[in-house]
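Values in this text are rule-based calculations from the coordinates and carry no lab data. Not measured: the values here are computed from a predicted model. Every residue, glycine among them, receives a Cβ derived from its backbone with ideal geometry; neighbour counts consider all protein chains shown.
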Amino acid sequence: MQKIKILKNDLDIDNCPVRKVLDRFGDKWSLLVLLILGSYETLRFNEINKKIGADISQKMLTVTLRNLEADGFITRKIFPEVPPRVEYSITDLGKSLVPLIDNLEKWAKSNMELIEESRKKFKES
């Protein structure tokens, strides 16, 4: 019964650390940005945009980077140049998350076929 009490406390929407973290990564781009910065350490905005290689708007990338910065996963450094140069770097906190994202990616790749089969069966029923 002790585990159930702990689980109930952890599922409190306002206080559950897992939900708070997953809320940040529930978007389309955050995990990808972290993986990219985890591989390259420091990149400029346009370099990140090119590495994503998908159709992400500048506004969405800006919002994603700001959210990751607000949570302490990345840092932003502005160089006083003309035009201004801005570099984004992954923090130690962000680096500590990258292996977990890698494991999630591996799990998803090895189970995606089963998940898709299940979805197909569900639709057909």
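Just a few scattered comments:
- Total formal charge among the other residues, if their Cβ is under 15 angstrom from that of R85, Lys/Arg +1 and Asp/Glu -1: 0
- Mean residue ellipticity, 222 nm, helices only, the chain: the sum of -39500 (n - 2.57) across DSSP H runs of n ≥ 4, divided by residue count and rounded to 500, is -21500 deg cm²/dmol.
- Gaussian network model of the chain, springs between alpha carbon atoms under 10 Å - residue of K59, K109, K50 with greatest fluctuation: K109
- In the stretch 13-83, Cα pairs under 8 Å separated by at least six residues give a relative contact order of 26 percent.
- For the stretch 75-85, Karplus couplings with θ = phi - 60° (6.51, -1.76, 1.60), whole Hz, Gly/Pro x: 10, 10, 10, 9, 9, x, 10, 10, x, x, 9
- Under-5 Å amide H pairs with I74, H placed in peptide plane, nonlocal only: E69, T91
- Whole-Hz couplings from phi, Karplus 6.51/-1.76/1.60, listed for the stretch 23-38; x for Gly and Pro: 4, 5, 9, x, 7, 7, 10, 4, 5, 5, 4, 5, 5, 5, 5, x
- Long-range Cα-Cα pairs in the stretch 19-64 (distance over 13 Å), rounded percent: 54
- Across K20/K51; K20/K121; K20/K50; K28/K121; K28/K109, pairs whose alpha-carbon gap is larger than 23 Å: K20/K51; K20/K121; K20/K50; K28/K121
- D (Stokes-Einstein, µm²/s), Kirkwood Cα radius, the chain, 0.692 mPa s at 37 °C: 194
- FRET efficiency for N15 and S96, using Cβ-Cβ distance with R0 set to 35 Å, rounded to 0.05: 0.95
- Label-to-label distance for I78 and M112 is 3.9 nm, based on points extended 7 Å past Cα in the beta-carbon direction.
- Note on V86 and K121: their simple-model spin labels are 4.8 nm apart, each label 7 Å out from Cα toward Cβ.
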